[in-house]
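Accompanying notes for the structure given below.
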Amino acid sequence: MRTQVVDHPLVAHKLTVLRDAGTDSPTFRRLADELVTLLAYEATRSVRVEPHEIVTPVAPTTGVRLATPKPIVVPILRAGLGMLDGMMRLLPTAEVGFLGMVRNEETLEASTYAERLPDDLSGRQCYVLDPMLATGGTLIAAIEFLTSRGADDITVICLLAAPEGCAKLEAALGDHPVPVTIVTAAMDERLNELGYIVPGLGDAGDRLYGVAG
Ligand SMILES: O=P(O)(O)OC[C@H]1O[C@H](OP(=O)(O)OP(=O)(O)O)[C@H](O)[C@@H]1O
Ligand SMILES: O=c1cc[nH]c(=O)[nH]1
Ligand SMILES: [Mg+2]
């Protein structure tokens with residue numbers, strides 16, 4: 001597993017406003033969207049391309065275009081949905097699949113309540129969107145699900161990650177056959193006793209969409 005913390009003053013600035021408890025939902029949604037586009041620029045460095053011949057007004061030349069099969073973007077509902085538009089701005093021709101997952105706030109166990117993805121992901125590069133990598137349980141389950149469908153390259157884009165969750169993910173993946181890369185705007189200090197990231201930003205889903213029942 002490879003972990004990349006994107007070190008950029010604009011990312012740090014936007015993340016600071018996002019973390020602020022005084023930031024309202026409309027501003028939070030806009031900043032999450034902007035941050036994802038910045039992170040996606042780094043996360044797509046290894047997106048597969050193929051040669052493509054064109055003719056400019058001056059001369060023929062060979063450039064590149066996204067290879068087929070096209071990458072698939074997988075937001076993890078609910079909070080990952082707040083990252084989808086920002087990602088699609090950079091990869092407008094990607095396909096989108098959905099995974100609905102929720103963490104039990106007492107046991108911290110993740111479970112899947114919805115899934116809408118192609119049956120066969122063989123040869124597909126997958127970009128998973130989830131703002132928070134806390135205990136890592138949600139992403140371990142998501143990565144296992146995508147791998148079981150044949151995905152052969154997985155990049156996760158997060159806004160915040162906790163060291164405990166990264167270590168658990170690394171141990172769970174072990175000698176996992178599929179390369180996994182985590183791209184995050186920050187690696188925070190730790191988890192608190194409730195499994196929340198510290199200093200974190202609180203509950204990302206609630207801050208995007210309101211308090212869930
Ligand atoms: O690393 P973990 O400990 O598994 O926690 C991270 C998960 O928790 C949050 O989702 P939540 O269960 O709150 O669902 P929501 O997006 O619907 O709010 C967050 O969006 C991640 O998916
Ligand atoms: O800090 C956290 C941890 C899990 N999920 C969140 O939304 N925030
Ligand atoms: Mg939530």
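Between the Cα long axis of helix 9-19 and the first principal axis of the chain there is an angle of about 40°, rounded to the nearest 10.
What a 1.4 Å probe finds exposed on the chain is 54% carbon and sulfur by accessible area, rounded to a whole percent. With a cut-off of 9 Å between beta carbons, the residues surrounding M83 carry a summed charge of -3, where Lys and Arg count +1 and Asp and Glu -1. At a probe radius of 1.4 angstrom, the accessible area of the chain per residue rounds to 49 square angstrom.
Dipole magnitude of region 58-194 about its Cα centre, charges +1 at Lys/Arg Cβ and -1 at Asp/Glu Cβ only, in debye to the nearest 20?
Here region 58-194 has a charge dipole of around 600 debye.
In the chain, the longest principal axis of the Cα atoms and the axis of helix 163-173 are about 60 degrees apart.
The values are calculated or read from the model by the stated rules, or taken from the named source; none is laboratory data. In this text, all values refer to a predicted model and were calculated from it rather than measured experimentally. When we count neighbours, we look across all protein chains shown, and the Cβ atoms used for this are built from the backbone with ideal geometry, even at glycine. Keep in mind that these areas ignore ligands, DNA and RNA; they rest on the heavy atoms of the full protein, side chains included. Shrake-Rupley method; radii C 1.70, N 1.55, O 1.52, S 1.80 Å.
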